[in-house]
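The values are calculated or read from the model by the stated rules, or taken from the named source; none is laboratory data. Please read all numbers here as calculations on a predicted model, not as lab measurements. When we count neighbours, we look across all protein chains shown, and the Cβ atoms used for this are built from the backbone with ideal geometry, even at glycine. All accessible areas refer to the heavy atoms of the entire protein, side chains included, with ligands and DNA or RNA removed. Shrake-Rupley method; radii C 1.70, N 1.55, O 1.52, S 1.80 Å.
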Amino acid sequence: MTHTHRATADHGTPDDGPRGFRERAGRYALLPLRVFLGVTFIYAGLDKLTDSAFMSATGTGSIGEMMTAVRDSAAVPALVDLALKNPEGFGYAIAVGELAVGIGTLVGLLARLAALGGALISLSLWLTVSWQTDPYYYGNDLAYLMAWLPLVLAGASLFSLDALIAARRRTP
């Protein structure tokens with residue numbers, strides 16, 4: 001008697017064929033983006049928090065100097081004016097925001113909200129700091145904004161605290 005084993009897409013065996021591979025790939029497609037954005041934003045936040053020159057209102061490399069330099073070329077100068085009212089506070093807000101967004105994205109906790117925060121940070125930086133970049137595609141903030149949008153829409157369904165919490169809610 002011969003026993004034939006037909007693999008399912010969940011097992012990820014070569015018997016799946018092209019359709020099974022595409023389905024598995026589709027489930028994992030956003031994972032590299034999540035890891036990249038999460039690690040990058042954690043690094044950016046920590047880099048700012050540990051740079052005393054950046055967290056100053058004045059001086060070389062300070063948030064205040066950077067905001068003053070981009071004020072006249074920003075798409076929304078009012079955002080820069082707001083930051084210039086308290087450059088240190090703005091610097092800490094951006095750094096802590098980047099850190100929170102990065103951690104939330106990396107571990108997949110409130111992933112859509114974290115991605116929305118990342119998109120808003122990227123949008124604000126694009127409209128202020130990198131707006132004058134010419135041609136526009138040399139600036140990275142617009143690319144980061146676009147990278148956040150799939151995570152805003154899809155969240156983190158794999159390897160995430162959101163998925164773990166959802167699974168526990170479904171289990172009686």
Within segment 26-43, can you find the residues that are within 11 Å of the chain's Cα centre (by Cα) and under 18 Å from Leu125 (Cα atoms)? Leu37, Gly38, Thr40, Phe41, Ile42
Return yes or no: is Leu109 outside any helix (DSSP H, G or I), among the aliphatic types (A, V, I, L, M) and within 21 Å of the chain's Cα centre (by Cα)? yes
Taking segment 137-158, which residues are among the polar types (S, T, N, Q) and free of Cβ contacts under 8 Å to residues at least 60 places away in the same chain? Asn140
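Considering only segment 83-98, state which residues are open to solvent by 40 Å² or more (accessible area, probe 1.4 Å) and either in a helix (DSSP H, G or I) or among the basic types (Lys, Arg) (or both).
Leu84, Lys85, Glu88, Phe90, Tyr92, Ala93, Val96, listed by residue number.
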What about Val80, is it open to solvent by 40 Å² or more (accessible area, probe 1.4 Å) and either at pLDDT 95 or above or polar (S, T, N, Q) (or both)? no
Out of the residues in segment 113-160 that are buried (at least 18 other Cβ atoms within 10 Å of the Cβ) and in a loop (DSSP other than H, G, I, E, B), state the one that is farthest from the chain's Cα centre (by Cα). Trp131
